[in-house]
Amino acid sequence: MKITSICCIGAGYVGGPTMAIIAQKCPNIKVTVVDLNVERIAAWNDEDVNNIPIYEPGLSDLVAEARGRNLFFSTEVEKAIDEAQMIFISVNTPTKTYGLGKGMAADLKYIELCARQIAAVAKENKIVVEKSTLPVRTAEAVKNILDNTGNGVQFQILSNPEFLAEGTAVQDLLHPDRVLIGGDATNGQEAIDALVEVYANWVPKEKILTTNLWSSELSKLTANAFLAQRVSSINAMSELCEKTGADINELSKAIGMDSRIGPKFLKASVGFGGSCFQKDILNLVYIAKTYGLNKVADYWEQVVIMNDHQKRRFSNNIVQTLYNTVSGKKIAFLGWAFKKDTNDTRESAAINVSDFLLNEQANIAVFDPRVKEKQIINDLIYLKSRSIEDIKKGITVYNDPYEVCKDAHAIAILTEWDEFKEYDWQKIYNNMQKPAFVFDGRNILDAKKMTEIGFIFNAIGGANE
Ligand code: NAD
Ligand code: UDX
């Protein structure tokens with residue numbers, strides 16, 4: 001079967017970029033991305049392509065090229081489902097905040113709604129592709145819903161998890177390490193082949209891996225668990241470095257040169273953030289527990305426990321170093337996004353660190369090159385730990401890096417934006433309260449230079465000290 005029309009439900013960080021690449025690489029396929037969020041769709045359709053809702057290097061150019069040609073953004077979900085041969089489900093699957101599995105399991109209500117809507121609308125056979133990250137065996141539930149509530153048409157379910165990382169989404173999609181497609185080889189080979197052919201327009205065939213459905217679903221959770229585990233492992237060692245005089249950067253390099261370990265994902269930090277790692281590990285822990293695999297669950301839960309510890313440790317260090325009080329002191333945050341080159345703030349370490357410091361009555365001043373004030377305030381409202389009035393009293397958002405640091409007692413670096421390295425640190429120092437402290441939660445600044453200027457400089461894991 002040759003695919004000529006695709007619909008993607010969910011115009012978020014995955015749906016938007018993924019479909020932009022498919023549209024660019026497959027000019028003969030009409031790609032429609034739909035979402036219930038009217039504001040988000042309007043932003044994707046904004047005449048000024050710089051106003052699309054997601055910041056990713058290279059993405060606005062791609063959208064500018066394909067939008068209106070074979071890439072469309074719409075709120076007409078049913079129409080798009082009806083017209084498509086292949087439907088990607090790319091909706092959010094956050095951690096449940098209520099009921100059974102609260103705080104652990106993935107909330108699948110948006111997935112189920114999509115399945116029911118597809119079933120209600122479809123009048124012809126469709127291929128349904130799980131793009132969202134899902135618990136293993138979700139395809140079974142999706143198939144049950146489709147087969148039992150549909151109009152007697154045939155549905156094939158595929159699992160095609162997405163491995164892109166934010167900030168590098170376009171490059172990751174253009175040159176993926178692999179594309180994973182899970183399907184039912186007995187009854188669904190035609191569907192598997194159809195999706196392979198879509199990707200084969202730009203991905204070498206040997207990088208397109210086909211597996212059974214459950215392996216594909218579980219591989220996604222496993223990949224994120226392994227990646228997050230590396231960050232927690234190196235962060236655990238950063239605490240030991242600080243006690244022993246070892247340098248975490250030297251340690252990372254030394255172990256990373258072992259080809260069995262590899263050099264990537266060994267950067268010590270204030271703690272990992274992002275919408276995926278914590279959510280997916282907690283989901284894995286929950287799944288293991290539901291099968292009675294408590295030791296497996298405990299093992300993976302430690303990755304999240306260690307990450308919480310790292311964020312708390314970073315905050316405590318600020319308070320202790322500032323003579324055990326930050327009450328009434330201006331603490332400047334450079335960065336709010338969970339990593340550089342994205343405007344995404346979900347689960348960013350900055351949120352937790354600011355929460356701890358607000359409890360200590362600090363005055364937090366924030367500058368992030370891509371995150372807007374509204375988002376920062378919303379992130380703190382979402383925590384539900386204080387009133388909006390108290391949040392607005394405690395947090396001030398700046399548009400200028402020199403202004404945010406002016407008269408501050410300390411600067412905390414929460415995101416590794418490249419531009420932070422290029423600032424005039426002498427000028428920043430001159431305008432700060434003395435002694436002037438810097439807490440580099442990303443190990444991006446040169447400790448020696450900063451100390452020479454006069455800063456009292458703190459890096460993670462004693463880096464470069
Ligand atoms: P997102 O929140 O940015 O986007 C999801 C979108 O789906 C939202 O705009 C929402 O309005 C829309 N939506 C929800 N229910 C809908 C419905 N019934 N009909 C139409 N639209 C609906 O989420 P995201 O970051 O793009 O993540 C989507 C999935 O991909 C998640 O399962 C996530 O775990 C996974 N994933 C995310 C990343 C990442 O880097 N963000 C990477 C790999 C996988
Ligand atoms: C992650 C996975 O990498 C990606 O494959 C998956 O599809 C979605 O989840 P993402 O969360 O976008 O991607 O970014 P990633 O680069 O993995 O970083 C996650 C967090 O870990 C960030 O806060 C980052 O700063 C932190 N991190 C990463 C470190 O602290 N040290 C590292 O060495 C690497």
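Observations, loosely collected:
- Boolean, residue 265 is in contact with a Lys or Arg (Cβ under 8 Å, 6 or more places away or on another chain) and modelled with pLDDT of 95 or more: yes
- Residue selected from region 407-445 under the condition charged (D, E, K, R) and in contact with an Asp or Glu (Cβ under 9 Å, 6 or more places away or on another chain), by the criterion surrounded by the most Cβ atoms within 10 Å (Cβ to Cβ): 442
- Qualifying residues in region 1-26 (those that are more than 20 Å from residue 114 (Cβ to Cβ) and in contact with a strand residue (DSSP E or B) (Cβ under 7 Å, 6 or more places away or on another chain)) - the one nearest to ligand 2 (Cβ to nearest atom): 20
- Scanning region 169-220 for residues that are assigned by TED's automatic domain parsing to the domain that holds residue 136, more than 17 Å from residue 2 (Cα to Cα), in contact with a strand residue (DSSP E or B) (Cβ under 8 Å, 6 or more places away or on another chain) and among the charged types (D, E, K, R) gives 178, 184, 207.
- Counting only helices (runs of 4 or more DSSP H) that fall entirely inside region 416-465 and contain at least 1 residues that are of a type in the set (Asp, Glu), the qualifying elements are 419-422, 447-453.
For every residue, the table says whether it meets (1) surrounded by fewer than 19 Cβ atoms within 10 Å (Cβ to Cβ); (2) in a strand (DSSP E or B); (3) on the phi > 0 side of the Ramachandran plot.
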{"position": "136", "(1), (2), (3)": "no, no, no"}
{"position": "140", "(1), (2), (3)": "yes, no, no"}
{"position": "144", "(1), (2), (3)": "yes, no, no"}
{"position": "157", "(1), (2), (3)": "no, yes, no"}
{"position": "181", "(1), (2), (3)": "no, yes, no"}
{"position": "193", "(1), (2), (3)": "yes, no, no"}
{"position": "197", "(1), (2), (3)": "yes, no, no"}
{"position": "206", "(1), (2), (3)": "yes, no, no"}
{"position": "235", "(1), (2), (3)": "no, no, no"}
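- Contacts under 7 angstrom Cβ, first residue in region 99-119 being buried (at least 21 other Cβ atoms within 10 Å of the Cβ), partner among the basic types (Lys, Arg) and part of a strand (DSSP E or B), 6 or more apart: 118/126
- Residue in region 425-442 that is β-branched (Val, Ile, Thr), in the same structural domain as residue 317 (by TED's automatic domain parsing) and more than 15 Å from ligand 2 (Cβ to nearest atom) present: yes
The values are calculated or read from the model by the stated rules, or taken from the named source; none is laboratory data. On a predicted model such as this, the values are computed, not experimentally measured, just so you know. Here Cβ is always computed from backbone atoms with ideal geometry, including for glycine, and neighbour counts include all displayed protein chains.
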